[in-house]
1. Report yes if some residue within region A:69-86 is in a helix (DSSP H, G or I) and within 11 Å of chain B (Cβ to nearest Cβ); otherwise report no.
2. Can you tell me which of (1) within 14 Å of another protein chain (Cβ to nearest Cβ); (2) in a loop (DSSP other than H, G, I, E, B) is the one B:Gly40 doesn't meet?
3. Kindly list the number of the only condition in (1) within 14 Å of chain A (Cβ to nearest Cβ); (2) touching a Lys or Arg at 6+ places or on another chain (Cβ under 9 Å); (3) not hydroxyl-bearing (Ser, Thr, Tyr) that fails for B:Ile94.
4. A:Thr45 is checked against (1) within 14 Å of another protein chain (Cβ to nearest Cβ); (2) surrounded by 21 or more Cβ atoms within 10 Å (Cβ to Cβ); (3) more than 30 Å from A:Leu337 (Cβ to Cβ) and fails just one. What number does that condition carry?
5. What's the number of the only condition in (1) hydroxyl-bearing (Ser, Thr, Tyr); (2) away from chain A (no Cβ under 14 Å); (3) in contact with a strand residue (DSSP E or B) (Cβ under 7 Å, 6 or more places away or on another chain) that B:Thr25 fails to meet?
6. Among the residues of region B:3-10, is any over 28 Å from B:Asp246 (Cβ atoms) and touching a Ser or Thr at 6+ places or on another chain (Cβ under 6 Å)?
7. Residues A:Ala162, A:Ala143: which one is of a type in the set (A, V, I, L, M, F, W, C), more than 19 Å from B:Ala106 (Cα to Cα) and modelled with pLDDT under 85?
8. Inside region A:160-181, can you point out the residues that are closer than 23 Å to B:Ser100 by Cβ, touching a Gly at 6+ places or on another chain (Cβ under 9 Å) and part of a helix (DSSP H, G or I)?
Amino acid sequence: MIRLALLSIARHRAGAAATALVTLVGVVLLSGMAGVMATGLAASTPGDDRAFLVQFPAILGSWILGIVAFAVISTVGVALGGRTDEIRGLRLIGATPGQVRRMVAIETLVIATTAAVPGVLLGYALGAVIVTTTATTGVISGAGGFVPGVLAPVLAGLIVIAAATIGAFVGSREAANRSPIGEPTAKRRSQAARPRRILAGALILIGLASSATALVMEPDSVYATAATGPGCVLVAVGAALLATEMLTLAERTLLVALHRLGGVGARLAATNIRIAPERIRPAVTFLTLFVGVAAGTLSMQSIENQAAGSGDGIGQLMAAINYLVVLLIAAFMSIALINNLIASIKQRRGELAVMSSIGATTGQSTRMLVCETAMATIVAVVVGLVGSIAAVIPFAILKTGTVADAVQGLPLIAVVIAASGIALLTTVITGKQTARTARAV
Amino acid sequence: MTITIDKTVALSTTALSCTYDTGGTPIHALRSVDLTIRRGSFTAIMGPSGSGKTTLMHCAAGLQKPTSGSVHLGDSEVTALDEKSLARLRRVAIGFVFQSFNLLPALTVIENVELPVRLEGIRPDRAATERLLARVGLGERTSHRPPQLSGGQQQRVAIARALIAEPAVVFADEPTGALDLRSAREVLTLLRELADAGQTIIMVTHDPAAAAYSDEVLFLADGRIVDRLPDPTSRDVAVRMSALLDQAERANATGVAL
């Protein structure tokens, strides 16, 4: 099984590269945070710097770990989508779902370990940048320098490897459990969906509850930010988990509009989303997370600025944390999104080859793919924005006393432009290239 | 309940029914099929499209749960097994040969053949695998990978893989469907030789020439076994199939089941 797993990596280079990239970035972020925390705990660090250097990476690190695991699960799921025949063949000759999942987990373990080595080294660099930058802004004195040691960054790397391996085992569940002779039945699918829906609902409720606690706090309390930030992330994760349901809903409501657009690309896109929503689902998931987290955090910062003007030391600290959270999560989500979009488009080479053989131009095929991504973007933007605004309302009431201030125009527009730009540009470039080279055999 | 096991029977089905609920009118793919397959026999299953032959094979091999009825394979009641036991059954008691070969392109010929044994957690007997590959005419190609072989050779690898665990029954689903005439003849001759050596084989096919290699042809129509033809010739099979197709067309025209 180990040899089969190793050979599979060589065979499925694109999927392996996607997983490696997600893990690499995850390790860079987490070991960077671990380095900062180790610096905070080091004996040579001045006492005044400790609180920031320990709390900041502790809060951020746990989010990063959760998001890395989530991204790996999705990436493995997409990569396995292109290996349906291989998995079915294995199941037919008697491999149990557990054996298939272990094979995928071993593959991921090898990939993640390979990616973790440069990841930890880059993590050292990230940690050093964070510590020196924070010292420059005056939040910490930085007198103790950057002293990450070896244990903390390496341990962070090992944690990401473990998270990726477990994530792969979890992410391969559906593919491994599928019947060796066909697709899962509708009944089975809805049974599998139930725990996910319950989890999504719970996360949204916990997120909103966390945000709502801001209402009972003092307007200048740091804890209002500390409660609303995670609230936004939880609501975004919960909404992202409901991507399938959102797509079904959108397909029903937007289908008429897509058909009216008239183009064959739009019509095909509508049909594709109806017949196989799972192909575009990962894009919706990552876009929703991106929009939800980025819009929520940037809105909070904008409200904070509106309420307090330039802000004091604590305000600056929170601003630094907020912007870094947005930057890191947004960068990570962009990579995961681009990865998944490329993988899912490349897997459709056969379908694009058939279209080409019956006379579809590269432009027509690309337009079909772009329409699908546009649909995914619309769904993610609407859900992500609604979620983030809902999570920020208590914060807005607390800071400015006005519900309407939860809608901060500029940050929201910036997030929407960034999200749609990344998604559509990736689709146009990859779609064109794949459609041009796909020829029926 | 105690079941008396007839040692001359490799596989049997009792009142096997399978209905697909499509949301509208239910489709009866199998209607109470009773079937007994003798040990060491080579049986071909034929029938028009939608007659239930693939469903029969999937239910008999434990790949699909029937709506009602039972399947016995040796002393196992296939229909009572859970997913894990069914996977084990496929490793040790059943061999599969499919139209699309289903070989893993990353593995060599010998690794593909030995995979079911490795999945069972047993170290394969390399000399035995090499003998098996020599038997299917691939003794010189053990270290090749599937993409380096012709269709006929790939199918012979799949046959060797199906035989590695010395299964009670080999199921073949259109094993010559993707092959040219010459390769098809080689594969069918191999299956015939295996049956002559005592291997039970059940083959679903739409090709009268392929069916002529079997000991007996079962004809399915509308989910029932409607005819049997022992010691078939291509011509006899073609004539019966043609009659069945005419009957099916007439039934469709009048809306009456066969």
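The values are calculated or read from the model by the stated rules, or taken from the named source; none is laboratory data. Keep in mind that what you see is a predicted model, and the values were worked out from it rather than measured. Positions of Cβ are backbone-derived with ideal geometry, glycine not excepted, and every protein chain shown enters the neighbour counts.
1. If we filter region A:69-86 for residues that are in a helix (DSSP H, G or I), which is where we start, we get A:69-81, A:84-86.
With within 11 Å of chain B (Cβ to nearest Cβ) added as a condition, the list becomes A:85-86.
The answer is yes, given that some residue of region A:69-86 is in a helix (DSSP H, G or I) and within 11 Å of chain B (Cβ to nearest Cβ).
2. (1)
3. (2)
4. Tallying (1) within 14 Å of another protein chain (Cβ to nearest Cβ); (2) surrounded by 21 or more Cβ atoms within 10 Å (Cβ to Cβ); (3) more than 30 Å from A:Leu337 (Cβ to Cβ), A:Thr45 fails exactly one: (1).
5. Exception for B:Thr25: condition (3).
6. Taking region B:3-10 first, the residues over 28 Å from B:Asp246 (Cβ atoms) are B:3-10.
Subset that is touching a Ser or Thr at 6+ places or on another chain (Cβ under 6 Å): B:9-10.
There is at least one residue in region B:3-10 that is over 28 Å from B:Asp246 (Cβ atoms) and touching a Ser or Thr at 6+ places or on another chain (Cβ under 6 Å).
7. A:Ala143
8. Hits for region A:160-181 are A:Glu174, A:Ala175, A:Ala176.
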